[in-house]
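Below is one structure, written out as structure tokens; comments come after it.
Values quoted throughout were computed directly from the atomic coordinates according to the rules given, and no laboratory measurement underlies them. The structure displayed is predicted, hence computed values, not measured ones. A quick note on method: Cβ atoms are made from the backbone with ideal geometry, for glycine too, and the neighbour counts reach across all protein chains shown.
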Amino acid sequence: MTHRFPVRIYYEDTDFSGNVYHAAYLKFFERGRTEFLREAGIHHSELAGEGIAFAVRSMVIDFEGAAHIDDLLSVETVVEAMSGARLTLAQTIIRDDKVLTRAKVVVVAIRADGSAARLPAVVRALVTKG
């Protein structure tokens, strides 16, 4: 299952050269992950009520092209793997069918004290559906 989330580039996302600043891509990937979960009926606020949150454990990013002001991008998110507390996602940022940035992201479920937690059943069900 591939989730797609549109992102428009604004002036605030760019650096002095007119290209999207590298750290802005982290925000775009985060929004894509959040909307991927939201569309599946999983809301961070509800998980927090159960004492569960997600934390990024690792992220590997490849920048293959630059985005510019006013571009309309698509953040694509796909589940690659899942284990007890981990969810591995492949994310891609695309403009007009051209890949600009790729990321492999590992998120973990944690409790309020920072210790590992088992992925909630609703998340595991999402992965097995996809």
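For the stretch 106-128, name all the residues that are surrounded by 18 or more Cβ atoms within 10 Å (Cβ to Cβ) and either assigned to a helix (DSSP H, G or I) or touching a Leu at 6+ places or on another chain (Cβ under 6 Å) (or both). Step through it out loud before you land on a result.
Keep residues of the stretch 106-128 that are surrounded by 18 or more Cβ atoms within 10 Å (Cβ to Cβ), which gives 107-109, 117, 119, 123, 126.
Hits for the stretch 106-128 are VAL107, ALA109, VAL123, LEU126.
Of everything in the stretch 5-25 that's among the aliphatic types (A, V, I, L, M) and surrounded by 15 or more Cβ atoms within 10 Å (Cβ to Cβ), which residue is nearest to ALA121 (Cα to Cα)? The extreme case among them is VAL7. Of all the criteria given as (1) touching a His at 6+ places or on another chain (Cβ under 8 Å); (2) closer than 19 Å to LEU126 by Cβ, the one not satisfied by VAL108 is (1). Going by the structure shown, is ARG57 within 23 Å of ARG118 (Cα to Cα) and in contact (Cβ under 8 Å) with a residue 24 or more places away in the chain? Criteria met by ARG57.
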